[in-house]
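Read-outs: derived from the displayed coordinates by stated rules, not from any lab. In this text the structure is predicted, and so the values were computed from the model without any measurement. Here the Cβ positions follow ideal geometry from the backbone for every residue, glycine too, while neighbour counts run over all protein chains shown.
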Amino acid sequence: MRFITLLLLAGLFGNAHSGTLSPAAKEMAAAPVTSQATGVRHQGKVIWHELITPDVRLAGKFYEKMFGWKLDYNGSYTDIFFEGKAIGGMIEVKPKTEPGAAALWIPSISVKDVDKAVAAAIQLGGKTLKPAVDLGKRGRAALIADPDGRHFALLSTLSGDPQDAQASFNSWLWDEIWSKDMDSSEAFYTDLLGYDQVAEGHDYLVLLAKNKWRMGIRKIGNDKEFSLWVPVIRVRDIHASTRQVEPAGGKVLLSPEQTPGDGKAALISDPTGALILIQQWQYSASKGEQ
């Protein structure tokens, strides 16, 4: 599977050195990630998602049919809404050299100080793909690659992060890092974002901050192509949702029966190739998750 290269992600922020924002970035800068100011930042939590895709309309129809999301296609930046709240965005990038390139979800992780976090990421072996830039009402952001090449944004919101609440059905549950070296991935993200607990399972780690689950690390084989971030969407019924994938235009890559664990998750892709996990999840107050 081929992914859009980071050379094409200039559309995400524009030229940070010249202070010139791309058309999409200007539209991003016009709105915060939450409609109500909270004044609170949840260090280390994924608070936003951007889909970089070669076909926004094709991808958008899938998410509308599959999860009931609402999309605003006006302009260079497509806003995603669910239950009346903004939950992410999409940017269309048509690769000139890789016409069959697949789409990719980019998570934005909350930090208190983007510039300090960028410096720490570099010290820990990461790379700056797009330097820190001010994005108006959204806040200050930078695009980073971890030592294994996974792409993510660091974001310090201007008016605060969305409330730290349980995920409703058909919304973001959390995000996983797929890694062939779980120990090195744990060390990088723990040192960078200050997670203070690690829960271990079979080929799986959960990173926590103040008893809140913030991200998972899943062990994969020695295939760098699949060393990436994968977002997880909570569904009510995993089997019913899996049956909806192909009629909506997507693909089922691993059925619930093929997915490691308790059969409550499936790996799917949207029509433009972006990977997503859908998971049937029951919250338990005794575990302190999410």
Please enumerate, by chain and number, the lysines with C-alpha under 24 Å from the C-alpha of residue 70, excluding those fewer than 8 residues away in the same chain. 26, 45, 61, 85, 94, 137, 251
Kirkwood radius from Cα pairs of the stretch 45-128 plugged into Stokes-Einstein at 20 °C, 1.002 mPa s, gives D in µm²/s equal to 147 µm²/s
Nearest 5 percent is fine: what portion of the DSSP beta bridges confined to the chain is antiparallel? 75 percent
Just from its helices, what would the mean residue ellipticity at 222 nm be for the chain, if runs of 4 or more DSSP H residues each count -39500 (n - 2.57) and the sum is divided by every residue, rounded to the nearest 500 deg cm²/dmol? -5000 deg cm²/dmol
Please report the Cα spread of the stretch 6-157 along all three principal axes, rounded to whole Å, starting with the longest. 42, 42, 28
Paramagnetic label zone (point 7 Å from Cα along Cα-to-C-beta, residue 210; backbone N under 18 Å) in the stretch 22-63: 37-48
Overall Cα dimensions of the stretch 166-235 - principal axes, largest extent first, Å: 34, 27, 22
log10 I(q)/I(0) for the stretch 100-160, Debye formula on C-alpha points only (no solvent), q = 0.13, 0.30 Å⁻¹, two decimals, reads -0.33, -1.28
Rounded, prolate or oblate: which one fits the stretch 134-280, using the alpha carbon gyration tensor with axes a ≥ b ≥ c (rounded when a/c is under 1.5, else prolate when a/b beats b/c, else oblate)? prolate
14 Å beta-carbon shell around residue 186, net charge (K/R +1, D/E -1): -4
Signed unit charges on C-beta, dipole axis of the stretch 30-78, positive-most listed residue 62, 75, 42: 42
Assign unit charges at the C-beta atoms only (+1 for Lys and Arg, -1 for Asp and Glu), then state the dipole size of the chain relative to its Cα centre in Debye, rounded to the nearest 20. 540 debye
Quick P(r) readout (the chain; Cα-Cα; 10 Å bins; whole %) gives 6, 30, 39, 22, 2, 0
